[in-house]
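Peer 1: Can you keep this structure in mind? I'll have questions shortly.
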Amino acid sequence: MSNPIEYLKGVGPLRAELLKKELQLFTFGDLLEHVPFRHLDKSKRTLISEINHQSDTVLLHGRLHHIEVVGKQRTKRLQAQLRDESGVLELAWFQGISWVEKRLQEGAKYVVFGKVGFFMGQPQIVHPEIDLLTAETGLSPGLEPVYPSTEKLKAKGLNGRAIGKLTAALLPQLQPKDLPENLPARWLREHALLSRYEAYKAVHFPTTLQQYQDALYRLKFEELFFAQVRLAMIRSRRHRFTKGLVFEQVGNYFREFYEKHLPFSLTDAQKRVIKEIRNDTGRGIQMNRLLQGDVGSGKTMVALLAMLIAADNGYQSCMMAPTEILAQQHYASITRLVHTLGIEVRLLTGSTKKSERVKLLAELLEGKISIVVGTHALIEDPVQFKSLGLAVIDEQHRFGVAQRARLKAKQEVPPHILVMTATPIPRTMAMTAYGDLDCSIMDELPPGRKPVTTVHRTDAARAGVMDFVRKEIEKGRQAYFIYPLIEESAKVDYENLMKGYEEVKAFFPEPKFYISMVHGKQSPEQKETNMQRFKTGDTQIMVATTVIEVGVDVPNASVMVIESADRFGLSQLHQLRGRVGRGSEKSFCILLTGNQLSKESKERLQTMCATNDGFIIAEKDLALRGPGDIEGTRQSGALNFKMADIVQDKAILQQAAAMASQLIDEDPELEQPDHAVVKQFLQAKKGKNEWSRIA
Ligand code: ADP
Ligand code: MG
């Protein structure tokens, strides 16, 4: 399996170079894992009289007659009649006419393969494969594999079918011992799975299409299963072995806050998650928890309560946000909530002044500060804690696995980690990308929220939209106008935003209307001032790019107009929309677009108008875009499977995950003799792929 590809018959050094460059096929094993995307059914000969409108590709035997070139210039073609004992069919060539013509012999017997089409009601095959009928070509080749290839390979004679010649040379050389079984024998029986060896043979050269499907299933299952086993083992080992800090008690900070300062009663979902966190942090394991909640479900409060528990036990906490604005906002709302508790809360971002920063770092190290809120700046090396007990990562989308690792490395006994998502993640993706974490779900919004009414309007309706916004503002509400970041250049985006600003201003010319603007080119202070003016109601309108996308909380804002809404992804739209509907007033989201929309854009907009449920939107987003494109996950590499696709193979993934966690529950270190094959395979693969590096 590890033989270099150039050792294979039919692959010289030149082809080997190309196979490596174009398809990353370095070894026999790589070629084996390069599976066909379809098969040409040459398993049986068809009679011409059997051809009908349902026919797809067919294999025919017959004699050629009436070979002639007809038509002129653009209609010029070579045609011939193929006759068998049952009927006649026309063959046609539009290209390479003289070359083909020279090869064809009037009256000779041929094997013909191709896709049936109909021309003027008569069946015909255009550009068929055609070979003289001989003892060899007359044999049925069965199902012939066709492989993914590239233009460069095709130019060197390695098209999708030619690669099949290579796999055909490879397969007879393989013994069962080259592809040892890696699933327990009992499972193969109980779940009717092909053995690994059979599956690899059959995925290339099946005898029936059913067998091909079975082989593909087995190989996809195996791929997903091992990814899930790895994650289940990481989870299980953390539960069993990692030493975690123990938050023994709920003390005065928490109690006083909960009893005297909590501005509302918690939702059941919030209570449940607090309990889960209590449970994780109280029993000596390290918590690694993903909190998925829809926009506005109140994740910040959960984080704050958890940080108070840490403080009650003498530990420090940090809370990281993806943007400066958001960090400032968290800092402001947390200090407002806890200022009477006598707990030290600080802010650390990229723009914290040098002198202040030096002081802050010293106080963190001394343990004077209990809670520090900030941006990426928090995980930089100079930041040292006296005893970091809990790290909260807000809006995970922008933080990767690497950052989590850096946090863990900050001290000997790693802090508990709570990761909060900006919007829900599709289940299959959460399973694969965050399967090593325990997961909490908040699927409940605080009471009294009115669902945001979302509509789609085209530019033609702009004046009406503006009138509507004006009425809302005159009622005392506030409005957002959001512009996309489209161009590669920040300059063009800035100019677009300015145009937008002028346009909004033109609709609201009276001096009583004040407009804030926030965009990426401003300094953090400018952004903060503009945000603050909007927050306090000094300005009624906020014109912004997506910098306000996450987390911003202005309950009095009840309208959001999203310009060029077709330029945004679904989860981004949902996240943006979450900025309204936070107060008690009825809120609106207006999606503005031009008239011309792609089918996918239309579907996105329709989804937004149809539902406010982030969990549903997340699934739709994944279905529309596919796993490769979901923000923030590409970097993890966790979703790049060779054979499986987490959208299309959802059912297989679910089965694989269920079997993996059952297996690890029963036999966490894979010590039972039955499970030895699984263990061996895991060990053999270690370090060979993205997955184990992350794990
Ligand atoms: P997200 O989950 O999107 O981060 P936030 O934590 O920003 O949501 O909370 C959204 C708004 O809901 C905030 O104004 C917050 O104060 C409020 N909130 C949170 N929990 C509750 C609750 N149990 N009852 C009422 N309002 C709540
Ligand atoms: Mg939030």
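Peer 1: When the residues of the stretch 436-454 are narrowed to those that are aliphatic (A, V, I, L, M) and touching a strand residue (DSSP E or B) at 6+ places or on another chain (Cβ under 6 Å), which ends up nearest to ligand 1 (Cβ to nearest atom)?
Peer 2: Residues of the stretch 436-454 that are aliphatic (A, V, I, L, M), as a first pass: 437, 441-442, 445, 452.
Applying the additional criterion that residues be touching a strand residue (DSSP E or B) at 6+ places or on another chain (Cβ under 6 Å) yields 437, 441-442, 452.
Numbers: LEU437: 18, ILE441: 12, MET442: 7, VAL452: 13 Å.
The extreme case among them is MET442.
Peer 1: Related question: Select from the stretch 2-22 the residues that are in contact (Cβ under 8 Å) with a residue 60 or more places away in the chain, under 26 Å from PRO141 (Cα atoms) and surrounded by 17 or more Cβ atoms within 10 Å (Cβ to Cβ) and list them in ascending order.
Peer 2: LEU8, VAL11, ARG15, LEU19
One line per residue, one yes/no per condition, for (1) touching a helix residue (DSSP H, G or I) at 6+ places or on another chain (Cβ under 9 Å); (2) open to solvent by 80 Å² or more (accessible area, probe 1.4 Å); (3) at pLDDT below 85:
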| residue | (1), (2), (3) |
| --- | --- |
| TYR494 | no, no, yes |
| LYS499 | no, yes, no |
| GLU502 | no, yes, no |
| LYS505 | no, yes, no |
| PHE508 | yes, no, no |
| TYR514 | yes, yes, no |
| HIS519 | yes, no, no |
| GLN526 | no, yes, no |
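Peer 1: Taking the criterion of being over 32 Å from the mean Cα position of the chain (by Cα), within 16 Å of ligand 1 (Cβ to nearest atom) and buried (at least 18 other Cβ atoms within 10 Å of the Cβ), would at least one residue in the stretch 478-485 satisfy it?
Peer 2: yes
Peer 1: Follow-up. Can you list the helices (runs of 4 or more DSSP H) lying wholly within the stretch 1-111 that have 1 or more residues being touching a helix residue (DSSP H, G or I) at 6+ places or on another chain (Cβ under 8 Å)? Outline the logic, then answer.
Peer 2: On the way: elements: 13-23, 28-33, 97-103.
Per the criteria, 13-23, 28-33.
Peer 1: When both residues are 6+ apart or on different chains and their Cβ atoms are under 8 Å apart, which pairs have a first residue that lies in the stretch 122-143 and is more than 23 Å from VAL203 (Cα to Cα) and assigned to a loop (DSSP other than H, G, I, E, B), and a second that is modelled with pLDDT of 90 or more and basic (Lys, Arg)?
Peer 2: From residues that are more than 23 Å from VAL203 (Cα to Cα) and assigned to a loop (DSSP other than H, G, I, E, B), the pairs are LEU133/LYS109.
Peer 1: Looking at the stretch 604-615, can you tell me whether even one residue there is open to solvent by 10 Å² or more (accessible area, probe 1.4 Å), of a type in the set (A, V, I, L, M) and free of Cβ contacts under 8 Å to residues at least 24 places away in the same chain?
Peer 2: yes
Peer 1: Which one of these does LYS535 not meet: (1) crowded, with 16+ Cβ neighbours inside 10 Å; (2) more than 16 Å from ligand 2 (Cβ to nearest atom); (3) without any contact (Cβ under 8 Å) to a residue 24 or more places away in the chain?
Peer 2: (2)
Peer 1: May I ask you to verify whether PHE28 is open to solvent by 80 Å² or more (accessible area, probe 1.4 Å), touching a strand residue (DSSP E or B) at 6+ places or on another chain (Cβ under 9 Å) and of a type in the set (Phe, Trp, Tyr)?
Peer 2: no
Peer 1: Can you confirm whether LYS275 is near ligand 1 (Cβ under 6 Å from one of its atoms) and open to solvent by 10 Å² or more (accessible area, probe 1.4 Å)?
Peer 2: no
Peer 1: Please determine, by comparing only the residues of the stretch 153-206 that are modelled with pLDDT of 90 or more and of a type in the set (S, T, N, Q), which one is nearest to GLY10 (Cα to Cα).
Peer 2: THR167
Listed here are the residues, each with its yes/no results for (1) part of a strand (DSSP E or B); (2) under 23 Å from VAL465 (Cα atoms); (3) touching a Ser or Thr at 6+ places or on another chain (Cβ under 9 Å).
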{"residue": "LEU485", "(1), (2), (3)": "no, yes, yes"}
{"residue": "MET498", "(1), (2), (3)": "no, yes, no"}
{"residue": "TYR501", "(1), (2), (3)": "no, yes, no"}
{"residue": "PRO509", "(1), (2), (3)": "no, yes, no"}
{"residue": "LYS521", "(1), (2), (3)": "no, no, no"}
{"residue": "GLU525", "(1), (2), (3)": "no, no, yes"}
{"residue": "PHE534", "(1), (2), (3)": "no, yes, yes"}
{"residue": "MET542", "(1), (2), (3)": "yes, yes, yes"}
{"residue": "ASP553", "(1), (2), (3)": "no, no, yes"}
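Peer 1: I would also like to ask the following. Select from the stretch 1-31 the residues that are among the small types (Gly, Ala, Ser) and touching a Pro at 6+ places or on another chain (Cβ under 8 Å) and list them in ascending order.
Peer 2: The one that is among the small types (Gly, Ala, Ser) and touching a Pro at 6+ places or on another chain (Cβ under 8 Å): ALA16.
Peer 1: Residues being farther than 21 Å from THR242 by Cα and either surrounded by fewer than 21 Cβ atoms within 10 Å (Cβ to Cβ) or in contact with a Pro (Cβ under 7 Å, 6 or more places away or on another chain) (or both): count how many of those fall in the stretch 429-444.
Peer 2: 5
Peer 1: Sticking with this one: Quick check on this structure: which one of VAL373, VAL358 is open to solvent by less than 20 Å² (accessible area, probe 1.4 Å), on the phi < 0 side of the Ramachandran plot and not polar (S, T, N, Q)?
Peer 2: VAL373
Each row is one residue, and each column tells you yes or no for (1) open to solvent by less than 10 Å² (accessible area, probe 1.4 Å); (2) within 13 Å of ligand 1 (Cβ to nearest atom).
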| position | (1), (2) |
| --- | --- |
| THR281 | yes, no |
| GLN286 | yes, no |
| GLY296 | no, yes |
| ALA310 | yes, no |
| ALA332 | no, yes |
| GLY350 | no, no |
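Peer 1: Separate question: Could you identify the single residue in ALA168, ALA162 that is open to solvent by 30 Å² or more (accessible area, probe 1.4 Å), in the same structural domain as LEU23 (by TED's automatic domain parsing) and over 30 Å from LEU341 (Cβ atoms)?
Peer 2: ALA168
Peer 1: Exactly one condition in (1) over 45 Å from the mean Cα position of the chain (by Cα); (2) open to solvent by 50 Å² or more (accessible area, probe 1.4 Å) is not met by HIS127; state its number.
Peer 2: (1)
Peer 1: I'd like to know if the stretch 126-136 contains one or more residues that are of a type in the set (A, V, I, L, M) and either modelled with pLDDT under 90 or more than 30 Å from HIS53 (Cα to Cα) (or both). It would help to see each step written out before you state the result.
Peer 2: As a first pass, look at the stretch 126-136 and keep what is of a type in the set (A, V, I, L, M): 126, 130, 132-133, 135.
Subset that is either modelled with pLDDT under 90 or more than 30 Å from HIS53 (Cα to Cα) (or both): 135.
The answer is yes, given that some residue of the stretch 126-136 is of a type in the set (A, V, I, L, M) and either modelled with pLDDT under 90 or more than 30 Å from HIS53 (Cα to Cα) (or both).
Peer 1: Mind counting the residues in the stretch 31-58 that are open to solvent by less than 70 Å² (accessible area, probe 1.4 Å) and within 18 Å of GLY160 (Cβ to Cβ)?
Peer 2: Count: 11.
Conditions tested, residue by residue: (1) in the same structural domain as THR546 (by TED's automatic domain parsing); (2) of a type outside the set (S, T, N, Q); (3) farther than 14 Å from GLU503 by Cα.
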residue	(1), (2), (3)
GLY448	no, yes, yes
THR458	yes, no, yes
ALA461	yes, yes, yes
MET466	yes, yes, no
LYS471	yes, yes, yes
GLN478	yes, no, yes
LEU485	yes, yes, yes
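Conditions (1) modelled with pLDDT of 75 or more; (2) assigned to a loop (DSSP other than H, G, I, E, B); (3) within 16 Å of ligand 2 (Cβ to nearest atom), marked per residue:
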{"site": "VAL373", "(1), (2), (3)": "yes, no, yes"}
{"site": "VAL383", "(1), (2), (3)": "yes, yes, no"}
{"site": "HIS397", "(1), (2), (3)": "no, no, yes"}
{"site": "ALA405", "(1), (2), (3)": "no, no, no"}
{"site": "LEU418", "(1), (2), (3)": "yes, no, yes"}
{"site": "ALA422", "(1), (2), (3)": "yes, yes, yes"}
{"site": "THR428", "(1), (2), (3)": "yes, no, no"}
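Peer 1: For the stretch 564-571, check the following and say yes or no: at least one residue is more than 16 Å from ligand 2 (Cβ to nearest atom) and either on the phi > 0 side of the Ramachandran plot or not assigned by TED's automatic domain parsing to the domain that holds LYS491 (or both).
Peer 2: yes
Each row is one residue, and each column tells you yes or no for (1) within 25 Å of SER43 (Cβ to Cβ); (2) crowded, with 17+ Cβ neighbours inside 10 Å.
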| position | (1), (2) |
| --- | --- |
| GLN173 | yes, no |
| LYS177 | no, no |
| ALA185 | no, no |
| LEU193 | yes, yes |
| TYR197 | yes, no |
| TYR200 | yes, yes |
| VAL203 | yes, yes |
| THR207 | yes, no |
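Peer 1: Still on this structure, I have one more. Go through (1) within 17 Å of VAL295 (Cβ to Cβ); (2) surrounded by fewer than 22 Cβ atoms within 10 Å (Cβ to Cβ) and name the single condition PHE588 misses.
Peer 2: (2)
The values are calculated or read from the model by the stated rules, or taken from the named source; none is laboratory data. Everything numeric here is computed off the predicted structure, so don't read it as measured data. Every residue, glycine among them, receives a Cβ derived from its backbone with ideal geometry; neighbour counts consider all protein chains shown. The accessibility values were calculated without ligands, DNA or RNA, using every heavy atom of the protein model including side chains. Shrake-Rupley method; radii C 1.70, N 1.55, O 1.52, S 1.80 Å.
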